[in-house]
Each structure stands twice: as structure tokens, then as C-alpha cells.
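The values are calculated or read from the model by the stated rules, or taken from the named source; none is laboratory data. Predicted, not measured: the structure shown is a model, and the values here were computed from it. Backbone-built Cβ (ideal geometry, glycine too); neighbour counts: all protein chains shown. Accessible surface is based on the protein model in full, side chains and every heavy atom, while ligands, DNA and RNA are left aside. Shrake-Rupley method; radii C 1.70, N 1.55, O 1.52, S 1.80 Å.
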Amino acid sequence: MENKQTAKAVSKYIRISSTKVRRVLDQIRGRSYLEALMLLEFMPYRACGPIWQVLNSAATNAEFNHGLHKEDLKIKTVFADQGPVLRRFRPRAQGRGYQIRKPTCHITIILEITK
């Protein structure tokens, strides 16, 4: 089996829920780099911005570190792991405080060459 060159990019501590990011990642998994960029540009989700940045970073890593062309790249693996949860307190009636959870996530994208 032939060993294909891969390029990787990771973005950590993104202030959005990992389930909301996975909803977008499922749409671009297995697609070509250019097709994924087009999808991310026109999807209405807030998670598309950070994912677009990580995808662009992975493609740039492939171009400069391995000498690959961006047009030949395909998404091999994408996943979003859960990061630490920021906990804040909201004042409520009669001196109580309710906890507000602000989740974070880590986005990882691995690209491979198609040709």
C-alpha cells in the first residue's frame, strides 16, 4: 500500500460547542479541498468561520512543508474534540446563582494528496 503525504492543522480552545462544529464537519468529510471551501463559504452556521481557517491552514501547511498543490488535496480526516468548559454564574432570585456553561472545542483537519 502506498504511503500518501498528509498535512495537518489543529485549532484549540474555539469558543463553540463541539456538537455544533461536528454538524458542519460531517458535511465536508471526504470532499476535495476546493469543494469544502465552497461549502463552508455558503453555509449559514457560525462554526464555518473557524473551520474555514483550520482548513486553509492545513492546505498552506501542505503547500509549504511538502510542496503539494492545493488543488490536489482531499480531506482525509476531520474531527472536533471537546475542550474545557468555562463556567460562569448568572444571578437569580433570592440570592441564588445558576451556572452557565460555555463549552470550547478543538478542531483537527488532516489533508492528503489525491493524485
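See the values below:
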quantity	calculated
Selected residue (criterion: farthest from the chain's Cα centre (by Cα)) from residues of segment 1-27 that are surrounded by 14 or more Cβ atoms within 10 Å (Cβ to Cβ) and not in a helix (DSSP H, G or I)	6
Residue selected from segment 91-115 under the condition open to solvent by 40 Å² or more (accessible area, probe 1.4 Å) and either in a strand (DSSP E or B) or among the aliphatic types (A, V, I, L, M) (or both), by the criterion nearest to residue 53 (Cα to Cα)	102
Number of the condition not met by residue 85 [criteria: (1) closer than 22 Å to residue 17 by Cα; (2) open to solvent by 70 Å² or more (accessible area, probe 1.4 Å)]	(2)
Scope segment 28-37; condition part of a helix (DSSP H, G or I) and either of a type in the set (Phe, Trp, Tyr) or surrounded by fewer than 16 Cβ atoms within 10 Å (Cβ to Cβ) (or both); matching residues	33, 34, 35
Subset of segment 43-60 (residues that are outside any helix (DSSP H, G or I) and open to solvent by less than 10 Å² (accessible area, probe 1.4 Å))	47
Test result for residue 84, assigned to a helix (DSSP H, G or I), within 30 Å of residue 100 (Cβ to Cβ) and not hydrophobic (A, V, I, L, M, F, W, C)	no
Residues that are of a type in the set (Lys, Arg) and touching a residue at least 40 places away in the same chain (Cβ under 8 Å), drawn from segment 21-77	22, 29, 31, 74, 76
Selected residue (only one of 68, 40 is in a loop (DSSP other than H, G, I, E, B) and open to solvent by less than 30 Å² (accessible area, probe 1.4 Å))	68
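Listed here are the residues, each with its yes/no results for (1) among the polar types (S, T, N, Q); (2) touching a Ser or Thr at 6+ places or on another chain (Cβ under 6 Å).
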position: 9; (1), (2): no, yes
position: 15; (1), (2): no, yes
position: 37; (1), (2): no, no
position: 48; (1), (2): no, no
position: 51; (1), (2): no, no
position: 60; (1), (2): yes, no
position: 71; (1), (2): no, no
position: 89; (1), (2): no, no
position: 100; (1), (2): no, no
